[in-house]
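Structure record follows, encoded as structure tokens.
Only the coordinates and a few stated rules stand behind these numbers; no lab work does. Predicted, not measured: the structure shown is a model, and the values here were computed from it. Here the Cβ positions follow ideal geometry from the backbone for every residue, glycine too, while neighbour counts run over all protein chains shown.
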């Protein structure tokens, strides 16, 4: 077996002719959702399926993932915590604020947090960041994967509240959640145009169609422009 670090905390594991993404397990010996565990040179890794994670698909598409070992990450649309758990692996010296709207879904996330102290589960609506402003401080990265309309606007209102100058947004645009009729290409262009509006301060540095892993999805990497005070 061979492991190669693609970016901070994301590894490409090779076993014979087989390859796959993985993160170094922050909780050795324990999986989260039935993923395969692989040990290489005394380190345990959790395999990461890009078909189950937009962030993994973005990494496999060679998009820059600006998450570091000590990053403070606001994760919008945490669900039960599949991808959140991998971000937790990536930030052993940081924190993940995991926001989820569904009370039933967040139960699994809360259980996982009993073993992963760097995740803060938050039951809240991402369209109302003021409801969790007393919990979340300034963050380095926002990752958003929500099945709601106005996805760019949701990212913007959270960025204005929490994202540091020069911080990054990783956004998964779900075309069919925005509009069930319009073409995905049109939706993607409109959402990116909203992000790059002059009064917002985002610069989109990369965008990639996430197929074949996720149909009608686009991954976006954007940086918040530094504003001198």
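Okay, here's what the table says:
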| item | result |
| --- | --- |
| Pairwise FRET efficiency - residue 115 versus residue 62, Cβ, R0 = 30 Å, nearest 0.05 | 0.45 |
| Relative contact order of the chain, defined on C-alpha pairs under 8 angstrom at six or more residues apart (%) | 16 percent |
| Average Cα contact separation per residue, the range 2-48, under 8 Å, 6 or more apart, as relative contact order % | 30 percent |
| Potential extension, residue 44-residue 128 segment - 0.36 nm per residue separation minus Cα distance | 26.4 nm |
| Most mobile of 97, 75, 132 in a GNM of the chain (Cα contacts under 10 Å) | 132 |
| Within a Gaussian network of the chain (alpha carbon springs, distance under 10 Å), most fluctuating of 205, 85, 53 | 205 |
| Residue 69 paired with residue 193, simple spin-label distance in nm, labels 7 Å along Cα-to-beta-carbon | 4.4 nm |
| MRE, 222 nm, helices only [DSSP H, n ≥ 4, -39500 (n - 2.57), over the chain, to nearest 500] | -6500 deg cm²/dmol |
| Angle between the chain longest axis and helix 184-195 axis [Cα atoms, degrees, rounded to 10] | 70 degrees |
| Listed residues 180, 127, 194, most fluctuating in the chain (Gaussian network, C-alpha, under 10 Å) | 180 |
| Rounded tilt (10° steps) of 151-162 against the dominant C-alpha axis of the chain | 80 degrees |
| For the range 54-224, the spread of Cα positions along each principal axis, largest first, Å | 42, 31, 31 |
| Between the range 21-46 and the range 64-93, the alpha-carbon center distance in angstrom | 16 Å |
